[in-house]
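Read the structure below first, then the notes.
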């Protein structure tokens, strides 16, 4: 009877060790991406009611990735100004809202891009003016991060091109 008890305990211990040792998986990081127009890693809400789909991916220790967009808590901070120099409107439901599914929409008619000023020609025939075709530069953007299970993603910049740029001879605002 004693040998059976010891053998049973030994087998139970081995079973516990082999089924749980080294198999715990845990969240390591988050990655925030988008399918919108991009210029050097920044995104653009282009045109009236322009949208970009933000996607938050949870990266686990095992290498597994899971889309957790619908469970994200979004944080948005205005940085810089519009192309006219005015302060960017605060983030909210009437400016650049983000839905619970990660869809960001540009509502307020602003432009956070400017066409670079370039000089063409030389000497007395040199002229300075907006580049044509445009060379877009940020004047401001909305910095977006997402939080899930006490982890926060890297920030992404989202420019808004919902109004025409004040200095672009080609019209529009920002990359399309």
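The values are calculated or read from the model by the stated rules, or taken from the named source; none is laboratory data. All values derive from a computational prediction rather than experimental measurement. So basically every Cβ, Gly included, is an ideal-geometry build from the backbone, and we count neighbours across all protein chains shown.
Within the range 21-41, residues that are loosely packed, with under 10 Cβ neighbours inside 10 Å reach partners that are modelled with pLDDT of 65 or more with beta carbons closer than 7 Å, at six or more positions or on different chains, in the pairs 26/60; 26/61.
Within the range 124-151, the set of residues being more than 24 Å from residue 53 (Cβ to Cβ) and surrounded by 15 or more Cβ atoms within 10 Å (Cβ to Cβ) comprises 130, 131, 134, 137, 139. Report yes if some residue within the range 1-18 is in contact with a strand residue (DSSP E or B) (Cβ under 7 Å, 6 or more places away or on another chain), loosely packed, with under 14 Cβ neighbours inside 10 Å, outside any strand (DSSP E or B) and at pLDDT below 95; otherwise report no. No: zero hits.
For the range 55-64, state whether one or more residues are at pLDDT 90 or above, surrounded by 11 or more Cβ atoms within 10 Å (Cβ to Cβ) and farther than 20 Å from residue 155 by Cα.
First pass over the range 55-64, keeping only residues at pLDDT 90 or above: 55-64.
Imposing the further condition that a residue be surrounded by 11 or more Cβ atoms within 10 Å (Cβ to Cβ) reduces the set to 55-62.
The next check asks that each one be farther than 20 Å from residue 155 by Cα; those that pass are 61-62.
Yes: one or more hits.
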